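Accompanying notes for the structure given below.
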Amino acid sequence: MRALLDTNALLWWLDNSPNLSNPARAAIGDAASEIFVSTATFWEISIKRSLGRLDFPIDRTAEILEDSGFTALAINVAHAVAAGALPPIHQDPFDRMLIAQARCEGLTIITSDRKMQLYDVTVIDAGI
């Protein structure tokens, strides 16, 4: 499986949170899976951290990705154009970018955000 983690799924995985569903945990933990984390996710985390809403060692991002075996997914022009062309079901720009990246790259999104399921993208529900 090739999957893209939403911010909530990433944080729950890193914290070994019981909030992460068994299907999401199995997909992420499967050695055959290729797991991606968008640079948009770290942008979102950085903003929430600067607002005091999240405690995350942002300076260790590269190390965290490497230790987890995840791959960073950069935002490119095709992703930006695709995000802008999405129907306005979801208003969150970070989530719209993840949807666009998943569609462009053929990735499954692992998220607890049910609005993402309203787009033409495969989703694994990360929530319990």
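Values in this text are rule-based calculations from the coordinates and carry no lab data. This one's a predicted model, so the numbers in the text were calculated from it and none came from an experiment. Every residue, glycine among them, receives a Cβ derived from its backbone with ideal geometry; neighbour counts consider all protein chains shown.
For the chain, what log10 I(q)/I(0) values come out of the Debye formula at q = 0.12, 0.16 1/Å, with one point per alpha carbon and no solvent?
Evaluating at q = 0.12, 0.16 Å⁻¹ gives log10 I(q)/I(0) of -0.41, -0.75.
Quick check: net charge around residue 115, other residues with Cβ under 14 Å of its Cβ, Lys/Arg +1 and Asp/Glu -1?
Numbers: positive: 96, 114; negative: 6, 92, 95, 113, 120, 125.
Around residue 115, the surrounding residues sum to -4.
For a quick protection proxy, order the peptides 77-88, 114-125 by their average other-Cβ count within 10 Å, most packed first.
Descending packing order for the listed peptides: 114-125, 77-88.
Tally Lys and Arg at +1 and Asp and Glu at -1 over the other residues with C-beta under 12 Å from the C-beta of residue 71: what net charge comes out? Please report the intermediate quantities before stating the final value.
Values: positive: 2; negative: 34, 66, 105.
Value of the local net charge: -2.
Let's see if you can work this out: charge +1 on each Lys and Arg Cβ, -1 on each Asp and Glu Cβ, no other charges. What is the dipole magnitude of the stretch 9-125 about its Cα centre, in debye to the nearest 20?
It comes to approximately 360 debye.
Starting at the first residue of the stretch 56-70, write each ³J(HN,Hα) from the Karplus equation 6.51 cos²θ - 1.76 cosθ + 1.60 with θ = phi - 60°, in whole Hz, x for Gly and Pro.
Each residue's phi maps through the Karplus curve to give 8, x, 4, 6, 10, 4, 4, 5, 4, 4, 4, 4, 7, x, 8 Hz.
Using the 10 angstrom Cβ neighbour count as an exposure proxy, how do 44, 105, 66 rank, fewest first?
Values: 44 20, 105 15, 66 12.
Result, fewest neighbours first: 66, 105, 44.
Cβ under 11 Å from residue 98's Cβ, residue 98 left aside: what net charge do those residues give with Lys, Arg +1 and Asp, Glu -1?
Details: positive: 96, 103; negative: 6, 44, 92, 95, 105, 113.
With Lys, Arg at +1 and Asp, Glu at -1, the neighbours total -4.
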